[in-house]
Structures are given as C-alpha cells and as structure tokens.
4 protein chains.
Amino acid sequence: MRSRLHYRRESRGVEFERVIFFTDAVFAIALTLLVVEVGVPETVRGAADDPGALLEALGDKVPLLAAFFLGCFVIGSYWAAHHRFMATLDAVDRGFIGLTVVYLAFVALLPFPTGVLGEFSSNPISMVAFALNMAAVSSIEAVMLVHARRRDLLRDQLSDDVYSWVLRMELSPVALFLVSMPVAFVAPWLAVVVWSLSVPLQAIWNRRQPGTASQYLS
Amino acid sequence: MRSRLHYRRESRGVEFERVIFFTDAVFAIALTLLVVEVGVPETVRGAADDPGALLEALGDKVPLLAAFFLGCFVIGSYWAAHHRFMATLDAVDRGFIGLTVVYLAFVALLPFPTGVLGEFSSNPISMVAFALNMAAVSSIEAVMLVHARRRDLLRDQLSDDVYSWVLRMELSPVALFLVSMPVAFVAPWLAVVVWSLSVPLQAIWNRRQPGTASQYLS
Amino acid sequence: MRSRLHYRRESRGVEFERVIFFTDAVFAIALTLLVVEVGVPETVRGAADDPGALLEALGDKVPLLAAFFLGCFVIGSYWAAHHRFMATLDAVDRGFIGLTVVYLAFVALLPFPTGVLGEFSSNPISMVAFALNMAAVSSIEAVMLVHARRRDLLRDQLSDDVYSWVLRMELSPVALFLVSMPVAFVAPWLAVVVWSLSVPLQAIWNRRQPGTASQYLS
Amino acid sequence: MRSRLHYRRESRGVEFERVIFFTDAVFAIALTLLVVEVGVPETVRGAADDPGALLEALGDKVPLLAAFFLGCFVIGSYWAAHHRFMATLDAVDRGFIGLTVVYLAFVALLPFPTGVLGEFSSNPISMVAFALNMAAVSSIEAVMLVHARRRDLLRDQLSDDVYSWVLRMELSPVALFLVSMPVAFVAPWLAVVVWSLSVPLQAIWNRRQPGTASQYLS
C-alpha cells in the first residue's frame, strides 16, 4: 500500500555525508559548550550598576576566557584536520564508522579538561588531563588513517613514503603531549610551551614532505 | 512580484535528507550533553595548585566518567544502527516522520538515565531506568522497520525470512534489557553483564543469517 | 593568485538548503535541551544505594518528565509542520530568511515555558506562558505562508480556496491557545484539554479540504 | 581488501558544504543556548500555585528575556549576513577555513556578553563587553571578504568600486560599536541607541550602491 505522501531519496551519497555532518555537529556543540564553563558573574545586589565592580568580576573570568579560547583553538584545529583528512576519502565502511564514534567520544569530552584547566590553571594535573585527552584524539586520528588505507577508502593510492610521512605528522603531536606531562610538574606553563612546539614542528615537517605528497594533499 | 534575491531549491531530495540530518543533530547533541553531567570540580581555595587534591577531586569523577563513556557507547551504537537502517530506505512518509519524532524523544532523554547511573552507580533503580530507556529506543526502531516494510519505503523488497531475522535481531536487545531489570536487584553490576551479552548474541545471530540477507545489508 | 588547496562549490542549492538545516539544528537543540531541565537527582550520601530512596527521588521528577515529553511533542509537531511546509517551496528570499530568524527565536524560547510548566505544573500562569509561546510560533508560521505566496516562492500556484483553507488550518491552533488562557484560571488542567482539541479539529479540517488541496499537500 | 559494506562519496562538493554547515551548527547552538541564561524561576514551596507569585517571578526575568531577544536578533543578523556572503563564493581554501574557526570562536562567545547584559542591564561595562564582541565578529567578516577576493574565491570578479562599497558596509557597524563604548558611560541605554543606528545607516548605504553592485548581491 503506497502512502500518499512520499519523500524520496535522490542520492546514494547521503550515508557518506552523514558521517561527516554528524562529526561536524559534535565538534560544533563541543566548541559552543565551552562558553557555558565561562559562566555569567552573579549579580551583587547594590553593586549591579558599578562599572568597577563588574570590571573586577569580569577580570576574575580571565583564566576561564583563556581556557575558552584555547579550547576553541584546539577543537577548531582538530575540526580543520578532520576536514583535510576526509577530503582524501572516497568511501567509509562499518569499521570506519565505529572508529568515528570512538573519536567523537573523546572530542565530546574536550570541554571537561578545558573546564578543569580554566578552573585550576596553575595545577600540573590540569595540564596532564588536557594533554591526555588531546593525545587520545590525535592517536585515534592516526588509527583512522591506517584503517582507511588498509580498507581501500582513500581517493588515491598512497605511496609508502607519503603514507609514513603523513602518519608521522599525525603522531608527532601525540609525542609532544606525552612529553608535556612530566614537564608540567616542573612548571605548569612549560607544558603549554611544549604543546606550542607543534607549530614549528609542523612547519619543519611540511618542508620535508616527499615530492609525491601533493597528490595526497590537494 | 518576484523579489530580486531568490535562493532556489536544486533537489527534491532535501525532504528525505532532513529527516536524517535532524536525527543526527539530536544524536550529536545528546552525546555532547553527556559531558555536562560530568561537571568541573569546584576550586577549593588554597588547594588550587595542589596536584594531590586535584587528582583526588578527579578521582571522585570516575563513576561519572564511566557513565559518560557508557553513554557515548550507547548513543554511538544507536546512531550507527540508525545509519545502517536508513541506508536500506528509499523514501520516508508522514507516518515515518511521526515515528522518528517519538524515537528522538527517547534518544534525547538518554542523558537523563545516564546521569542518574553516574550519580547512583550501585543502585539497582539506576540500572532499571537506563534499561527502560534503551528498551524504548530499541522497540521504536523495530516499529520503524515494520512501518517501512508495510508502506513500501525499503530500497529492496525483503523476503519473509530475512525480514523476520532482522526483526528478531532488533528485538533481542529489548529482551536483554527487560531481563536485566530484575537481575539488577540481585546485584547492580550483573545488569551490565546482561546488557553486554548483546555483543556475543549479535555475533551468533549474524552467523545464522539467511543467505539472502546480504541483499538487505549491503 | 590561486591557493593550492581549493574546495569548490558543486551546487547552487546550498543557500536554499542551509535555511532548512539551520532551522533543523535549532529545533534539534531546543528538543535536546529539554532534558537539561529535568536534572539528575542529587546524591543523598548514605542513601545512594537505597532503591526506595532513589525511586522516590525519581518520582519527584514525574512532572518534569511530563513537561519533557510535552515539550518533545510540541517541538516535534512544529518541526513536522515546518518539514511539510518547506516541501511546498521552491525558493527562499531575503524576507523569508528574516521571518525564519524571528520564527527560530520563538522556537529556541520553547524550553523556557516548558521548564516553567514542569516546575509550576498547577499554576495557571505557566499555562498562559506556554500558550503564548506556541501562539507566537503558529502565527509566524502563518505569516511565512502569506509571504511565500505573495513572493512567488511556492512550487505550485495555490488556488484561492486551497490557500484560505491552509491558512485557516495554520491559524486554528492560535485561536485555541488564546482561548486556553482564560480557561487556565478556571483550572490549569483544562487548558491542556483545550490544547488537545487541536487534534480532532485538525481531523475535521482535513475532511473539509477543497478537492484541489492534494496538489498543495503532495 | 574490500570491506563488504562501503558507503561511497557522490559529490566533491561536500568539503565546501561542511564549512557552511559547521558554521550553521555553531550559530544554531549559540542562539539556542541563550535560553539557558534565562533560567526557570525556582519553586517557592507553598507559593507554587499562586498566579501572582509566579507572575512576579517571571517579571524579574524581563531583562533576561530582553537580552535573549537581543541575542537572537544579533546572532540571527550575523547568520543572515554570513548566508548572503557565502552565496557569493564559489570555493574555500585552507586560509578561509582558518578564518572561519576564528570567526566561530567569537560567535560561540556571544552568549557570554549577552548573559552579562541580561544580568547587569544598566551597567556600562556590559555594553562595552557586548560591543567588543560584536566588533570582533564584524571585523573578522571583513577580513574574510578581503581574503576571499585576494585568493580568487568569489563567484564573480568584483570591480574596485563595488568592493570598497561592500567593505565599508561591513566595517560601518564596527565603527558604531567602537563609538558606543564611551557613550555607554554617559548612559548605558544610549549605547543601544548608537547600535540601532546601524539600521538607517544600512538603508542609506544601500541607496548609494554602485550600479554594478547588483551583480555581487544577486
């Protein structure tokens, strides 16, 4: 029996796309939830109109705002990396979807260590918690690449040298995050310095790319 | 009267797709909201820089983090099941959209029993509440399949033996959830054991699949 | 200067689609936020393992859970109505986008009166607040239809009798919401009865549809 | 080795589209989170059924509701501006994606100054915080246009006069926001008056548009 109102499918590509858009939704929510941790300062009755008092109350929010922007930077960077990676895929399979769910669990967790970092900004344990979560996200990214290559999901075949170059590029932040953990106990801010080494490291790595890597990257 | 700026529709497939993307958005938000229940430990003034104190405060979060990952696993599994199911559809109708809204209400509710489980992890009532919510989601999934077949929404006609095989696969977790409820009163952790039986059960079921099932699954 | 990495647009239909998907995202979040109002009961140390105590604590949540399901029903119904309406459009313009933003502001507000209703379930003012919000959403829906017809955004030309039939169908819930407000002061639950009259009213209205309406609806 | 279940990509346009849909998701969540700041009034046991008491409690929410609608208006306007801007693009590149992440960080922050404004509605510092956040969003918008033109991402080449006209249109709200900050110390409500000047300013600007601008706008 045909129902009167049928909305028909027009594309077989919906299943591929929803893996991407589901990921994007989790990233977008994790990014936007960060603002909830900042929190609106509470009204001190009587002082509600006093610019100095509010300025001071907002001043107390500076570490939380710093954590907010750090969280945006981290989540934004992971999203951009996922965007770049998915552009190289032509298909997903069951196993890839399973890996995506594990990956998203750790992305969805990010507001938690970010909040801890904002609240306990000079405690080495905050740095360790944050680094552990980021190391987990980066590691699963690398597993996704290994899986995609093994199951033939990539748009173009990757030569062995490009593959090992990309894989090492994905794993180098993991090494930095692990190194930063003992460093945090020397001085918490030193852990942030170790993390930020990923920027020059990435630049050096990009120079050493094999000649055939542009086929993967473009 | 034509307005100067018209953004035109290019595809009749938007109506089918938005049922899927609306579902994905609800799943993504339910998954990401789980982290809100974990909550950032509050600053104990004076002890803010003490690694031991923060480690202990994070240690208190272990049951909440366990509930977070259990919730991610459950929501991720349901999302993957919905992804697999929708891939077999070629159209949706009014009734299917109505069922989807009921289904999403119970998906959106999942953070509630997950939060209760994190807070009361050794209380049988938490297990019962969680099992009830999951049984509801799984049952509506089965109703959606029945509806899709009756209204001719499936991409391929399902033979009777494949249909009853798939339906029993959808309903077997419901049976486990119902069985787990009295078991929870013997020992709460035993309920989790009963739930995890769904993994070997699924594997056994997959072996017994009718020869023509691959047409439905691929 | 061409950058090496360009991700190109493939469809002119993205602008039409994002009006729909933006709407879906707001609906999905409003629906999923409803669960936050329910709230996890707080641990009473010592009684954490006591089934009776937790059952009682969950029992106190019944009005909040009822409000959650009412909210899901309302938001789900509005989403389904928006889905049905957009299926009749072939284009959107600037003005339509502006109306959509106003519409979404009132959709995003829905968790507020829903939460008030859960907290103050036997207070007539809760009913009035909820009815006012729903009347606003339904009224803007009607304005969107008027705009779409005037600016020639509809897929098919609507004959005058179908148009006035659809418009009256859109506006009849508004009338019910307005009537329910004074009724709420007689007895709050009577307001819910008035709202639920929309179901038989809709059925009667569907019977009286002009012969040419199926062209609009299918 | 080919896995049995492959979901294939059907369009190369997914990478362009996900930049847009990720943006839409952040906008939708920021808009919907605004309602969380409003907050449900707490039950005063005994007075739960008293219409007068609830009406008074809701009356206390008026500044928060005003901030909610102001926030919806601002976020909705920015979303509509982004919609209009993206319609002129035919591609995005790495740099544009990076700018989008910075842009979204400031969009995701908007619920924070909106909440402060609702809580401290007659404090000039609230006005300054809100104006600063909006000036940041508007400035990044202008940078995105400059980048898009330089990297040849626009659908049509922009003549120099249209380009400088559009750029000045994007930057005029920034000027208003900056002017409004000292004005807020004279009287907080005057800052709102300065912001609202953007409406007539926009109208005047539209009249002075170069003849070839319609090519950019349509």
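The values are calculated or read from the model by the stated rules, or taken from the named source; none is laboratory data. Everything numeric in this text was worked out from a predicted model, so none of it was measured. Cβ atoms come from the backbone with ideal geometry, glycine included; neighbour counts cover every protein chain shown. Remember, those area values only see protein heavy atoms, side chains included, never the ligands or the DNA or RNA. Shrake-Rupley method; radii C 1.70, N 1.55, O 1.52, S 1.80 Å.
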Legend entry - Conditions (1) free of Cβ contacts under 8 Å to residues at least 24 places away in the same chain; (2) open to solvent by 10 Å² or more (accessible area, probe 1.4 Å); (3) more than 30 Å from B:Leu145 (Cβ to Cβ); (4) not in a loop (DSSP other than H, G, I, E, B); number of the one not met by B:Leu54: (2)
Legend entry - Checklist (1) of a type in the set (Ser, Thr, Tyr); (2) under 30 Å from C:Ile75 (Cα atoms); (3) more than 21 Å from the chain's Cα centre (by Cα) applied to B:Ser159, failing item: (2)
Legend entry - Members of region B:22-40 that are free of Cβ contacts under 8 Å to residues at least 40 places away in the same chain and in contact with a Gly (Cβ under 8 Å, 6 or more places away or on another chain): B:Val40
Legend entry - Conditions (1) touching an Asp or Glu at 6+ places or on another chain (Cβ under 8 Å); (2) closer than 30 Å to D:Arg84 by Cα: number failed by C:Ala67: (2)
Inset, instruction - Can you tell me which residue within region C:126-153, out of those that are open to solvent by less than 20 Å² (accessible area, probe 1.4 Å) and within 13 Å of chain B (Cβ to nearest Cβ), is nearest to C:Gly115 (Cα to Cα)? - result: C:Ala148
Legend entry - C:Phe68 vs. criteria of a type in the set (A, V, I, L, M, F, W, C), open to solvent by less than 10 Å² (accessible area, probe 1.4 Å), under 20 Å from B:Ala30 (Cβ atoms) and part of a helix (DSSP H, G or I): yes
Inset, instruction - Report yes if some residue within region A:5-20 is part of a helix (DSSP H, G or I), modelled with pLDDT of 90 or more, crowded, with 17+ Cβ neighbours inside 10 Å and hydroxyl-bearing (Ser, Thr, Tyr); otherwise report no. - result: no
Inset, instruction - May I ask you to list the residues in region C:95-104 that are aliphatic (A, V, I, L, M) and open to solvent by 10 Å² or more (accessible area, probe 1.4 Å)? - result: C:Leu99, C:Val101, C:Val102
Legend entry - Residues located in region C:162-175, provided they are open to solvent by 20 Å² or more (accessible area, probe 1.4 Å) and either within 20 Å of D:Pro51 (Cα to Cα) or over 18 Å from the mean Cα position of the chain (by Cα) (or both): C:Tyr163, C:Ser164
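Listed residues C:Gly95, C:Gly76, C:Gly59; which is small (Gly, Ala, Ser) and more than 9 Å from every other protein chain (Cβ to nearest Cβ)?
On inspection, the qualifying residue turns out to be C:Gly59.
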Inset, instruction - State yes or no: is A:Gly115 open to solvent by less than 10 Å² (accessible area, probe 1.4 Å) and of a type outside the set (A, V, I, L, M, F, W, C)? - result: yes
Legend entry - Long-range neighbours under 9 Å by Cβ, at least six apart or interchain, first residue within 12 Å of B:Ser138 (Cα to Cα) within region B:72-94, second open to solvent by less than 10 Å² (accessible area, probe 1.4 Å) and outside any helix (DSSP H, G or I): B:Val74/B:Leu110; B:Ile75/B:Leu110; B:Tyr78/B:Leu110
Legend entry - Qualifying positions in region B:176-218 - of a type in the set (Gly, Ala, Ser), modelled with pLDDT of 90 or more and either surrounded by 15 or more Cβ atoms within 10 Å (Cβ to Cβ) or within 17 Å of B:Thr88 (Cα to Cα) (or both): B:Ser180, B:Ala184, B:Ala191
Inset, instruction - May I ask you to say which residue of A:Val92, A:Val74, A:Val62 is open to solvent by 30 Å² or more (accessible area, probe 1.4 Å) and within 26 Å of the chain's Cα centre (by Cα)? - result: A:Val62
Legend entry - Hey, C:Val38 under 30 Å from D:Val74 (Cα atoms), surrounded by 24 or more Cβ atoms within 10 Å (Cβ to Cβ), of a type in the set (A, V, I, L, M, F, W, C) and within 11 Å of chain B (Cβ to nearest Cβ) or not: no
Legend entry - Single unsatisfied condition, C:Leu104 versus (1) of a type outside the set (S, T, N, Q); (2) within 30 Å of B:Ile125 (Cα to Cα); (3) more than 7 Å from chain B (Cβ to nearest Cβ): (2)
Inset, instruction - Could you please find all residues in region A:5-24 being of a type in the set (A, V, I, L, M, F, W, C) and facing chain B (nearest Cβ under 7 Å)? - result: A:Leu5, A:Val14, A:Phe21, A:Phe22
Inset, instruction - Consider only pairs whose beta carbons are under 7 Å apart and that are at least six residues apart or on different chains; among these, list those whose first residue lies in region A:189-212 and is free of Cβ contacts under 8 Å to residues at least 40 places away in the same chain and whose second residue is among the β-branched types (Val, Ile, Thr). - result: A:Leu190/A:Val183; A:Val194/A:Val179; A:Val194/A:Val183
Inset, instruction - Check region C:203-212 and report whether any residue there is under 19 Å from C:Ala87 (Cα atoms), part of a helix (DSSP H, G or I) and among the basic types (Lys, Arg). - result: no
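Could you list all residues from region D:154-164 that are farther than 9 Å from D:Thr88 by Cβ and either within 13 Å of another protein chain (Cβ to nearest Cβ) or of a type in the set (D, E, K, R) (or both)?
Across region D:154-164, the qualifying residues are D:Asp160, D:Asp161.
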Inset, instruction - Taking the residues in region B:149-170 that are free of Cβ contacts under 8 Å to residues at least 60 places away in the same chain and of a type in the set (A, V, I, L, M) as candidates, determine which candidate is nearest to B:Trp205 (Cα to Cα). - result: B:Met169
